[in-house]
Amino acid sequence: MYQFREKLLRPKVPGDNGGWAFVVLPKEASAILPRRGRTTVNGRINGKTFQALLEPDGRKSHWLRIDKDLLESAGTVHGDVAEFEIEAVDKEPEPEVPSDFDQALMASPQSRATWDATTTIARIDWIHWIESAKQAKTRIKRIQDACNMLAEGKKRVCCFDTSGFYSKALSAPKTAD
């Protein structure tokens, strides 16, 4: 378990489900994790346990979204400095496949067969690539491209920097503070 203290940040754009906070992990904390891309951790915030999927921050570290319920149970609010403990999970859990991508996979038996033959980490990367699209039309194209590549037998999404470091496509949210 890696321990650290960090200030809880308020996102500039909270989205539909406001009330959440986030922290950017210290580089030393990210360094103990198995990958620079999305990584699931078990952890504690002020003693309250959680499991979360960390996102890459584009600077060779990660950021953690803390939902409203976890904030409340940990007795914290935006601006507080909280105590964290994190460790990588032993086995990465299967990712939830977005419904639009799942429908496209179901419509293409060849794509689905390759998808089912990939590793959990590869599936996380495929989903991350699709979900990192900033525009709806880009997301639609990525789903089509993913199905085409999978139908061709490609088990890994190529040319996608899962850390966001080289492409700068991924980053932690902007802060409201």
I'd like the full set of residues that are surrounded by fewer than 15 Cβ atoms within 10 Å (Cβ to Cβ) and of a type in the set (Val, Ile, Thr), limited to segment 62-80.
VAL77
Residue by residue through segment 2-36, note down the ones that are in contact (Cβ under 8 Å) with a residue 12 or more places away in the chain and on the phi > 0 side of the Ramachandran plot.
GLY19
Can you run down the residue pairs with Cβ atoms below 7 Å, 6 or more apart or on separate chains, where the first is in segment 37-53 and in the same structural domain as LEU8 (by TED's automatic domain parsing) and the partner is part of a strand (DSSP E or B) and acidic (Asp, Glu)?
ARG38/GLU55; VAL41/GLU87; ASN42/GLU87; GLY43/GLU85; ARG44/GLU85; ASN46/GLU83
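In segment 56-95, which residues are in a loop (DSSP other than H, G, I, E, B), without any contact (Cβ under 8 Å) to a residue 60 or more places away in the chain and farther than 18 Å from ASN42 by Cα?
Scanning segment 56-95 gives a single hit, GLY75.
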Selection status of GLY19, more than 14 Å from LYS174 (Cα to Cα) and assigned to a loop (DSSP other than H, G, I, E, B):
yes
Qualifying residue in segment 7-14 (condition: closer than 18 Å to GLY79 by Cβ and either touching a helix residue (DSSP H, G or I) at 6+ places or on another chain (Cβ under 9 Å) or not assigned by TED's automatic domain parsing to the domain that holds LEU71 (or both)):
yes
If we ask which residues in segment 15-47 are in contact with a helix residue (DSSP H, G or I) (Cβ under 7 Å, 6 or more places away or on another chain) and more than 16 Å from THR76 (Cβ to Cβ), their number turns out to be 2
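The values are calculated or read from the model by the stated rules, or taken from the named source; none is laboratory data. This structure is a prediction, so every number in the text was calculated from the model and none was measured. In this analysis, Cβ positions are derived from the backbone assuming ideal geometry, glycine residues included, and neighbour counts consider all displayed protein chains.
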